[in-house]
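Here the structure comes first, spelled out in structure tokens, and everything after it is commentary.
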Amino acid sequence: MKKCIVWDLDNTLWDGVHLEGDIKVRPEARQVIEALDSRGVLHSIASRGEQELALATLRTTGLLDYFLVPQINWEPKPKNIISISKALQVSLDSIVFVDDDPFELAQVAYMLPEVMTVDAVLTRQLLVHPCFRVEQNTQEAQLRRRFYLDEQARQDAQREYPNRKAFLQSCAMRLTLRPMHKGDLPRVLELMSRTHQLNTTGRVFAEEELVSILNDRRGGFCIKVADLTDRFGGYGTIGAAIVERCDSSWKLHLLAVSCRVLGRGVERAFLASLLDDAGKAGCALALALFRETGRNRAMLALYQMMGFRKCGNCDGEGIAEFSRVTEPPPAIPRWIQVV
Amino acid sequence: MSLRQEVEAKIRKYICDNYLPRSAEVNLCVDENLFDSGILDSAGLISFIVYLEKSFGLTIPDEDLLPEHFSSLKAISSYIIEKTRSVPAGE
């Protein structure tokens, strides 16, 4: 699945060369931007030119607000695409690059083979391309661009604080843990398939499986979701956990947290609260599953840094079990209020 | 400069450059818990590990990702020094 389109400007987003005369936004480009934005796809720019001038022109087209961290300069485009990938925390293999110049397309394909390159004449096909297909638009998808703009405000605000902790405390983060209900279904499916770094097994439960858990047909299973807000705005539902509890045994089958909240201890707070609940429910020992996906070593680190230790080898599907006593519960980062 | 000071200075510089890009955290104490002070988190630790492996020529196995090795500047330095010592010398 692709998460971000990086556009060239001249003869791609618009017809004409900006520094040489009038330009006109190509209707198919506008259509793709508007439609995919509502599906939660982000847009950015890697183009040659003068940033100030180009942004002023973009403003007159009404498209400026769609573009996050535009890179309009004279740097090589692969370098600009890497900057976009870092700034938006979107991996290179989730990026699509659209340009009319065969040289630029070839250069990006050569230097960044993970990036999908698309010739500008094929712009319209992006609308129906399977890599942008979503089963159902979630509220998070429609607000995704807003979330990134809030994030920009957070990063700017951080400069005002003497250290990281003071900044985090000023954010007033509130993490709400609640049982999943039917309306969360699209978002939970999305979290399972879109999150990679903060995903303990990479297992995507089928919709029917989730529904049967919701309808209590899978004894002992329950799904908890986490919503996050801070003083800058709401992040929406940013995590999901699938837990199986049977008498005094407790097992975490999946923990998936959006990479949008990376770097502020949210996954730690989520897991710590789950363990706290397990202990209070009388389960002395917590088990947690982990399967290496090549991208989720952070979750292995999370387990071990929070006191889990591997118990036993991987099963046939590469799933390993970790365990930890539930008492004393691990500390929740002090800057996060869990409710 | 002792080996420990050298290792500590190198790690401190990396942490300040990469995890505290806009705030001057020059007084980062060697005992300060990097997780409790919000400087490192699980994903940050992984890119930090990649840096340590590259810059000190080590392989850090999964089972070493533990609080006793990575929670503070002091702990990390001790771990790195210990690890470098245990790398067998070339023939």
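A few remarks follow.
- Under 5 Å, built H, 5+ apart or other chain: amide partners of A:F308: none
- As computed over the stretch A:1-49, the Cα convex hull volume per residue (Å³): 65
- Label separation (A:Y161 vs B:R85): 3.8 nm, computed from points 7 Å beyond Cα along the C-beta direction.
- Straight-distance crosslink candidates among aspartates and glutamates, where the alpha carbon sits under 18 Å from B:K10 and sequence neighbours closer than 8 are dropped: B:E25, B:D31, B:E32, B:E53, B:E82
- The 3J(HN,Hα) values that the Karplus relation (6.51, -1.76, 1.60; θ = phi - 60°) gives for the stretch A:42-59 are, in residue order, 8, 10, 9, 9, 10, 8, 7, x, 9, 3, 4, 4, 5, 5, 4, 5, 4, 4 Hz. Gly and Pro appear as x.
- On the basis of the beta-carbon distance and an R0 of 51 Å, A:R174 and A:E114 show a calculated FRET efficiency of 0.90.
- Listed by chain and number, the lysines whose alpha-carbon sits under 22 Å from that of A:K24, ignoring those within fewer than 8 places in the same chain, form an empty set.
- Net dipole in debye of the protein assembly as shown [+1 Lys, Arg Cβ; -1 Asp, Glu Cβ; about Cα centre; nearest 20]: 940
- Ranked list, fewest to most other Cβ atoms within 10 Å of each Cβ, for B:M1, A:M299, A:M306: B:M1, A:M306, A:M299
- With K and R counted +1 and D and E -1, the other residues having a Cβ less than 11 Å from that of A:V108 yield a net charge of -3.
- FRET efficiency for A:C131 and A:R154, using Cβ-Cβ distance with R0 set to 41 Å, rounded to 0.05: 0.90
- In summary, the lysines within cross-link reach of A:K251, defined as a Cα separation below 29 angstrom excluding same-chain residues under 8 places away, comprise A:K182, A:K224, A:K280, A:K310.
- Efficiency of FRET between A:K310 and A:D22 - r from beta-carbon atoms, R0 45 angstrom, step 0.05: 0.10
- Each of A:K251, B:K54 was scored by other Cβ atoms within 10 Å of its Cβ. Arranged with the fewest first, they read B:K54, A:K251.
- For the stretch A:217-229, 3J(HN,Hα) computed residue by residue from phi via the Karplus equation (6.51, -1.76, 1.60; θ = phi - 60°) reads 8, 10, x, x, 7, 8, 10, 10, 10, 10, 10, 10, 9 Hz, glycine and proline entered as x.
Every read-out reported here was derived from the displayed coordinates using simple, explicitly stated rules and does not represent laboratory data. Here the structure is a predicted model, which is why all the values come from computation and not from measurement. Using ideal geometry, Cβ is built from the backbone for each residue, glycine included, and neighbour counts are taken over all protein chains shown.
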